[in-house]
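One structure coming up, written as structure tokens, with questions to follow.
The values are calculated or read from the model by the stated rules, or taken from the named source; none is laboratory data. Being a predicted model, the structure only gives us computed values, none of them experimental. When we count neighbours, we look across all protein chains shown, and the Cβ atoms used for this are built from the backbone with ideal geometry, even at glycine. These area figures cover heavy atoms from the full protein model, side chains too; ligands, DNA and RNA do not enter into them. Shrake-Rupley method; radii C 1.70, N 1.55, O 1.52, S 1.80 Å.
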Amino acid sequence: RLNWWCERFGNIPVTKIDEFMVDDGLIALSKKGLTGSTINRYKSTLSSVFIYFIRHPKYKRAGFTNPVRKESVSRFTENPSKDRFLNQDEQQSLLVSCRASHWDRLYLLVLMALTTGARKGELLKLTWSDIDFKERTARLGLTKNDKPRLLPLTQPVIQELMKFRKNSSYLIFPSTVRQTTSFDIKKAWGKALRASKVGHCRFHDLRHTAASNLVRAGRTLFEVGTLLGHSSTTMTARYSHLAIEDTIGMVDKVMGDLK
């Protein structure tokens, strides 16, 4: 996506790129038959470049504003996301497969994802200095929402962490080649999925599954949003349909006698 923008704007000074040029680029992408969600990814990629430029110490006082965020720039409708929620049997089957993985930390990674709802990138960036074994928490630095947050860790997670504990700032899930680089889980994750026979499942679906587990256990959407680090209630609203049984019970209890 970035290469596409570079080909289009590569020879133009950043400060000369305006919202109309950005809009023309997005319209050109739409004529290629790309979906709204794909075009929006191109849009967010370009926006990230401008944000980096605006915040750079050398240029942040230039008064340049992000043209991608201007009101005149087109917005594209996305199809509703198809979130996958693993049921209890699928979760157990996946964990068993992860336990048998050739990568000895896949089980820990997946267990943390299912119990904290954290994103893959957030977990892979964790260092040993981020873990507080006494308080049973993991400290995330700047997350997707540019805000730090704490992850509560279950006792089984703590016990699994203890197997690999190191008194250093190295990553918890390091590459086998370089300790300062996160492990590439693609092969290990794919093998575990096939062995578990749960079908198609993105790692991000473990985050949705964690939210689903909480909602079905009767926790409020506010509590779910707090754990997941959502910046707005609209992000958590996608799980509201899972709480319908509790909602029906509430209505029956409060207003069931009204005739």
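What are the GluC sites (Glu not before Pro) within the range 53-112 that DSSP puts in a loop, where the Cβ has at most 16 other Cβ atoms within 10 Å?
Qualifying residues, ordered by number: Glu71, Glu78.
How long is the gain from Arg178 to Leu2 if the chain were fully straight, where each residue apart is worth 0.36 nm and the alpha carbon distance is subtracted?
Result: 60.7 nm gained on full extension.
First compute the accessible area of the range 54-134 with a 1.4 Å probe, then give the percent of it belonging to carbon and sulfur atoms.
Roughly 49 percent of what the probe reaches on the range 54-134 is carbon or sulfur.
List the residues whose amide H sits under 5 Å from the amide H of Thr137, counting only those 5 or more places along or on another chain, with H placed 1.01 Å from N in the peptide plane.
Under 5 Å from the amide H of Thr137: Asp132, Leu153.
So, one more: Mark the label point 7 Å from the Cα of Lys58 along Cα→Cβ and return the residues of the range 1-21 whose backbone N is within less than 14 Å of it.
The answer is 14-15.
Quick one: what are the phi-derived ³J(HN,Hα) couplings along the range 195-212, Karplus 6.51/-1.76/1.60 with θ = phi - 60°, whole Hz, x for glycine and proline?
These are the phi-based 3J(HN,Hα) values: 5, 7, 6, 8, x, 5, 7, 7, 4, 5, 5, 5, 5, 5, 5, 4, 5, 4 Hz.
How big is the charge dipole of the range 44-158 about its Cα centre, in debye rounded to the nearest 20, if each Lys and Arg gets +1 on its Cβ and each Asp and Glu gets -1 on its Cβ? Intermediate values should be presented prior to the final figure.
Working: 20 positive and 11 negative charges, 145 e Å.
Its charge dipole is roughly 700 debye.
Once amide H atoms are placed 1.01 Å from N in the peptide plane, what residues at a sequence separation of 5 or more from Ser175, or on another chain, have their amide H within under 5 Å of its amide H?
Residues meeting the criterion, in which the H sits 1.01 Å from N, are Thr181, Ser182, Phe183.
Still on this structure, I have one more. How long are the three semi-axes of the equivalent ellipsoid for the range 1-129, computed from the Cα gyration tensor as the root of 5 times each eigenvalue, in whole Å, largest first?
After scaling each eigenvalue by five and taking roots: 39, 21, 13 Å.
Residue by residue, what Karplus-based ³J(HN,Hα) values in Hz, rounded to whole numbers, does the range 176-187 have, using 6.51, -1.76 and 1.60 with θ = phi - 60° and x for Gly and Pro?
These are the phi-based 3J(HN,Hα) values: 6, 8, 9, 5, 8, 10, 5, 5, 8, 8, 3, 5 Hz.
I'd like the FRET efficiency for His200 and Arg75, computed as 1/(1 + (r/R0)^6) with the beta carbon distance as r and R0 of 35 Å, rounded to 0.05.
After rounding, the FRET efficiency stands at 0.75.
Using θ = phi - 60° and the Karplus relation 6.51 cos²θ - 1.76 cosθ + 1.60, list the HN-Hα couplings for the range 159-165 in order, rounded to whole Hz, with x at every Gly or Pro.
Once rounded to whole Hz, the list reads 4, 5, 4, 4, 5, 10, 4.
Same structure, new question: Could you tally the net charge around Ser30, taking each other residue with its Cβ under 12 Å from the Cβ of Ser30, Lys/Arg +1 and Asp/Glu -1?
Residues close to Ser30 contribute a combined charge of +2.
Which loop-located trypsin sites (Lys or Arg not before Pro) does the range 1-37 contain, where loop means any DSSP state but H, G, I, E or B and the Cβ has at most 10 other Cβ atoms within 10 Å?
Lys31, Lys32
May I ask you to give the solvent-accessible area per residue for the range 50-161, in square angstrom, as obtained with a 1.4 angstrom probe? Could you put the intermediate results ahead of the total?
Values: 6690 Å² over 112 residues.
Accessible area per residue, the range 50-161: 60 Å².
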